[in-house]
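These notes are about the structure you will find just below.
The values are calculated or read from the model by the stated rules, or taken from the named source; none is laboratory data. Since we're looking at a predicted model, the values are computed, not measured. No Cβ is skipped: glycine too gets one built from the backbone with ideal geometry, and neighbour counts run over all protein chains shown.
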Amino acid sequence: MYHRLRVTEVIAETADACSLVLAVPPELAAAFAYRPGQYVTVLVEGVARCYSLASSPDTGEDLKITIKRVRDGLASNWICDHVRAGQTVELLPPAGDFVPESLDDDLLLLAGGSGITPVMAIVKSVLARGRGRLTLVYANRDPDSVIFAAELAGLAERHGDRLSVTHWLDSERGAPTPAGLAALITESGLPAYVCGPDPFVMIARDALQRAGVPHDRVRVERFALERVLTGDATLEVELDGQTHQLPWPAGKRMLDVVIEAGLNPPFSCRQGHCGACACRLLTGKVEMITNEILEEEDFAEGYVLACQSVARSDHVSVTYY
């Protein structure tokens with residue numbers, strides 16, 4: 001269910017990125033409780049978009065989402081051009097699994113562009129409530145495109161014993177390379193959190209492998225240029241010998257839809273790592289937010305991960321047979 005929240009402030013982070021600070025009324029406090037690294041789905045001009053929370057639930061700050069313009073991006077450009085303090089936006093409560101298991105763990109963080117948004121929330125929560133040490137590598141085109149530059153510098157200065165920040169700027173080093181990023185990773189045993197557009201994620205994953213970071217220690221959040229979510233859809237599910245027609249709200253993942261309908265689908269990790277929730281797509285289109293297990297031959301047979309799939313067409317049908 002979408003809720004209207006008032007925008008209390010619009011912050012110009014860079015020339016092409018802004019943040020919206022949102023007021024959560026007391027009656028919605030429980031619905032909008034969140035963990036560092038999660039996102040919200042915002043309804044913009046009749047379509048829905050996912051934007052990560054840059055605020056931390058552990059610092060007492062108001063809810064904040066950060067939006068970066070993209071070429072021909074309907075939602076991102078409209079928000080940056082038209083949303084002002086005092087207006088309201090419609091959004092779903094927080095969701096997502098790009099969340100540290102413990103704020104006391106030492107973490108390796110790799111971010112590209114606006115991928116810093118959920119990483120920033122993790123950084124602030126760990127420094128505020130945990131004991132973990134953080135190593136952040138943050139890639140951007142040039143100094144002017146670094147989102148949260150002053151805030152990161154301030155955190156690094158105040159918590160120099162626990163937060164190390166290395167900026168990779170294309171203008172100085174060229175585009176990131178697996179070998180170049182790998183050279184910056186000095187501790188291979190840490191859990192790694194990677195967020196950014198697909199090209200950066202691929203390079204970062206390669207770098208982590210070269211640096212000896214185990215595959216199962218890597219958590220990934222991908223940012224498409226504009227994470228498009230259609231409106232509400234209908235999901236047809238063949239499960240346990242029966243076919244069910246279920247309403248599929250925009251932004252909700254398939255597995256959640258099936259479970260909330262009272263059905264009993266197979267699943268395990270819910271993070272796109274294990275494949276236990278795989279089902280076969282019969283009709284319609286979905287997009288997987290994360291995939292760490294399915295390969296090309298699986299896609300050729302129509303398999304998708306229910307825990308990571310969001311609707312990309314008005315009607316989707318799947319089977320668990």
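Conditions (1) under 22 Å from R219 (Cα atoms); (2) among the hydroxyl-bearing types (S, T, Y), marked per residue:
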{"position": "W248", "(1), (2)": "no, no"}
{"position": "A276", "(1), (2)": "yes, no"}
{"position": "R280", "(1), (2)": "no, no"}
{"position": "E287", "(1), (2)": "yes, no"}
{"position": "T290", "(1), (2)": "yes, yes"}
{"position": "A300", "(1), (2)": "no, no"}
{"position": "Y303", "(1), (2)": "yes, yes"}
{"position": "Y321", "(1), (2)": "no, yes"}
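Using the structure shown, decide if V89 is under 15 Å from T117 (Cβ atoms), in contact with a helix residue (DSSP H, G or I) (Cβ under 9 Å, 6 or more places away or on another chain) and either part of a strand (DSSP E or B) or not assigned by TED's automatic domain parsing to the domain that holds K252 (or both).
On the way: under 15 Å from T117 (Cβ atoms): no; in contact with a helix residue (DSSP H, G or I) (Cβ under 9 Å, 6 or more places away or on another chain): yes; either part of a strand (DSSP E or B) or not assigned by TED's automatic domain parsing to the domain that holds K252 (or both): yes.
The answer is no for V89.
Condition check: farther than 26 Å from E287 by Cβ, surrounded by fewer than 20 Cβ atoms within 10 Å (Cβ to Cβ) and free of Cβ contacts under 8 Å to residues at least 60 places away in the same chain. Does P214 satisfy that? Explain how you work it out, then say what you get.
On the way: farther than 26 Å from E287 by Cβ: yes; surrounded by fewer than 20 Cβ atoms within 10 Å (Cβ to Cβ): yes; free of Cβ contacts under 8 Å to residues at least 60 places away in the same chain: yes.
Against the criterion (farther than 26 Å from E287 by Cβ, surrounded by fewer than 20 Cβ atoms within 10 Å (Cβ to Cβ) and free of Cβ contacts under 8 Å to residues at least 60 places away in the same chain), P214 qualifies.
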**OP:** Select, from S52, S102, S19, S56, the only residue that is within 30 Å of T186 (Cα to Cα) and part of a strand (DSSP E or B).
**Re:** S52
Original post:
Are any residues in the range 127-163 under 14 Å from P100 (Cβ atoms), assigned to a helix (DSSP H, G or I) and either within 18 Å of the chain's Cα centre (by Cα) or in contact (Cβ under 8 Å) with a residue 40 or more places away in the chain (or both), and if so, which ones?
Top reply: A128, R129
Subject >> Subset of the range 5-25 (residues that are more than 12 Å from C80 (Cβ to Cβ) and either in contact with a helix residue (DSSP H, G or I) (Cβ under 7 Å, 6 or more places away or on another chain) or free of Cβ contacts under 8 Å to residues at least 24 places away in the same chain (or both)) >> reply: P25
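For the range 81-123: of the residues being among the acidic types (D, E) and over 18 Å from V213 (Cβ atoms), which is modelled with the lowest pLDDT? Before you say what the answer is, go through the steps one by one.
Of the residues in the range 81-123, the ones among the acidic types (D, E) are 81, 90, 97, 101, 104-106.
Still in the list and also over 18 Å from V213 (Cβ atoms): 81, 90, 97, 104.
Values: D81: 94, E90: 94, D97: 83, D104: 97.
Here the residue is D97.
Could you grab me the full set of residues in the range 26-49 that are free of Cβ contacts under 8 Å to residues at least 12 places away in the same chain and part of a loop (DSSP other than H, G, I, E, B)?
First, pick out the residues of the range 26-49 that are free of Cβ contacts under 8 Å to residues at least 12 places away in the same chain: 26-27, 29-30.
Passing the criteria: A29, A30.
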Original post:
Counting only residues that are touching a residue at least 60 places away in the same chain (Cβ under 8 Å) and not in a loop (DSSP other than H, G, I, E, B), how many does the range 288-319 have?
Top reply: 7
Subject >> A211 vs. criteria at negative phi and modelled with pLDDT of 90 or more >> reply: yes
